[in-house]
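Each remark here refers to the structure printed beneath this line.
The values are calculated or read from the model by the stated rules, or taken from the named source; none is laboratory data. As the structure is a computational prediction, the values presented were derived from the model and not from experiment. In this analysis, Cβ positions are derived from the backbone assuming ideal geometry, glycine residues included, and neighbour counts consider all displayed protein chains. Ligands, DNA and RNA are excluded from the accessible area calculation, which covers all protein heavy atoms including side chains. Shrake-Rupley method; radii C 1.70, N 1.55, O 1.52, S 1.80 Å.
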Amino acid sequence: MKFRKRNPTFFFLILLMTELLFSENSRIIKSPKSPIHGNLNLKLKRDLILGEETKGQYLFFSVNGIEVSNKYIYVLDSKMAKIKVYDLKGKLVREIGRKGEGPGEFVIPQSFCISASGDLYVYDLQRAKMTVFSDEGDYKKDFIVEQPFIRKFYVDEKDYIYTTFDESDSENFLNRDINFARLNPEGKVEKIFYKTFHLKMVPFERKGMKGNLFYEHPYLTHLYFTNIPKDNLVLMNSMRYEIILLSKEGDILLRILKEEKSPKVSQREKEIALSMEKDEDIRKLLMKHATFSKTRPFCSNLLSDEKGRIYVERFKPLTEEEKPFTYEIFNAKGEYLYKLSLDFKIDLIKNGYIYTVSTKEETGEIKIIRYKIENWKEIK
């Protein structure tokens, strides 16, 4: 369970209902239960490991994102407040950024992306500031983002930013919304495409401190998105098996629906989720007041490749952590192509390679492993 510390302390709470803020006049495809081409058997060859070298400059203290261009592999290490840049053979080429509050420096760099024009955009959560570098690491500019966010984002060729962010209800601070929106190149919210509502936060008091618990566990509603060629966007609410393809203007191009019922969340799953909190007082409070969705989420991530294929990472219950990761693969036409099972989680899939972040529980050692997909060209 991840927590953000504030004064007073806050934690994420569950989401209630969803509102589409764009036209419903869209093409709808009802997906079959079984994929057209059955199970996808990837021929994988491990060809690169980053982070296992003994030299300190190669070690990771955290990995908050991986991006790959035609020349480099970029890895954001939030704890070290820098981006490490490797060539495609794994040699460290340079480091971008450092701890600080000056131009080109970060306090808590939380996420980053390669824009459609090839620049590096890095978001500093602590200062709600976006810093822009060239692909070679030259500092260009920075600007304040109107609505702080901690999640993934995408920047198109005109420097518009697409992301999800939380905000308080205008009438009641204890109600929280989560939005999928477009920000203009100056970081101002220009258009909200999708909105989902939170429940009230849990009041908390200890040793004279009063605040509201703002917590997160896996059985909450989340919004996931990715981008596919031609700068179209793909959005999915974790509690609904509905894949929404959007234009950059927010127009719905296609909706892919899969008729499937999700199992109910068991009491054991709730206990495991809340046991992750180590503070006994907070854990007792959450045991009493924490809210869960009635049924399990359908997905836990959304990915895409340069061919426009969409990968829905199916939600894996906390009681089934030893089971493989499952991905359901669609194309931009809405066809359900394949079902894929892997022993590891996909963090990035690009140019015929899969990148995954592996953390050794006993030591905390972090590695990035790259697998070459030897039958990549055979995938339809």
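Computed values, structure above
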| quantity | calculated |
| --- | --- |
| Output for region 359-380, where each listed residue is touching a Phe, Trp or Tyr at 6+ places or on another chain (Cβ under 7 Å) and closer than 17 Å to residue 65 by Cβ | 366, 368, 370 |
| Long-range neighbours under 7 Å by Cβ, at least six apart or interchain, first residue on the phi > 0 side of the Ramachandran plot and aliphatic (A, V, I, L, M) within region 190-209, second at pLDDT 75 or above and assigned to a strand (DSSP E or B) | none |
| Only listed residue being touching a strand residue (DSSP E or B) at 6+ places or on another chain (Cβ under 8 Å) and under 22 Å from residue 192 (Cβ atoms), chosen from 254, 286, 303 | 254 |
| Count - residues of region 91-119 that are of a type outside the set (D, E, K, R), in a loop (DSSP other than H, G, I, E, B), within 30 Å of residue 229 (Cβ to Cβ) and open to solvent by 10 Å² or more (accessible area, probe 1.4 Å) | 4 |
| Residue that is of a type in the set (A, V, I, L, M, F, W, C), surrounded by 15 or more Cβ atoms within 10 Å (Cβ to Cβ), closer than 26 Å to residue 89 by Cβ and at pLDDT below 95, where the choices are 354, 349, 366, 373 | 366 |
| Residue count, region 321-339 (criterion: more than 15 Å from residue 29 (Cα to Cα) and aromatic (Phe, Trp, Tyr)) | 3 |
| Inter-residue pairs, beta-carbon under 6 Å, first without any contact (Cβ under 8 Å) to a residue 24 or more places away in the chain and in region 105-130, second open to solvent by less than 20 Å² (accessible area, probe 1.4 Å), 6+ apart | 124/106; 124/109; 128/145 |
| Top-ranked residue in region 306-336 [being closer than 15 Å to residue 218 by Cα and of a type in the set (Asp, Glu); ranked as surrounded by the fewest Cβ atoms within 10 Å (Cβ to Cβ)] | 321 |
| All positions within region 249-277 that are crowded, with 19+ Cβ neighbours inside 10 Å and under 19 Å from residue 153 (Cβ atoms) | 250 |
| Filter pass, residue 143 being on the phi < 0 side of the Ramachandran plot and in contact (Cβ under 8 Å) with a residue 40 or more places away in the chain | yes |
| Extreme residue, farthest from residue 225 (Cα to Cα), among residues of region 145-155 that are open to solvent by 10 Å² or more (accessible area, probe 1.4 Å) and modelled with pLDDT under 95 | 146 |
| Matching option when the condition is in contact with an Asp or Glu (Cβ under 8 Å, 6 or more places away or on another chain), assigned to a strand (DSSP E or B), at pLDDT 90 or above and loosely packed, with under 14 Cβ neighbours inside 10 Å, among 45, 33 | 45 |
| Top-ranked residue of region 192-230 - restricted to ones that are basic (Lys, Arg) and not in a loop (DSSP other than H, G, I, E, B), ranked as nearest to the chain's Cα centre (by Cα) | 195 |
| Some residue of region 287-305 being in contact (Cβ under 8 Å) with a residue 40 or more places away in the chain, open to solvent by 60 Å² or more (accessible area, probe 1.4 Å) and within 29 Å of residue 254 (Cβ to Cβ) | no |
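Yes/no per residue for (1) modelled with pLDDT of 95 or more; (2) closer than 24 Å to residue 154 by Cβ:
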site	(1), (2)
186	yes, yes
194	no, yes
201	no, no
210	no, no
216	no, yes
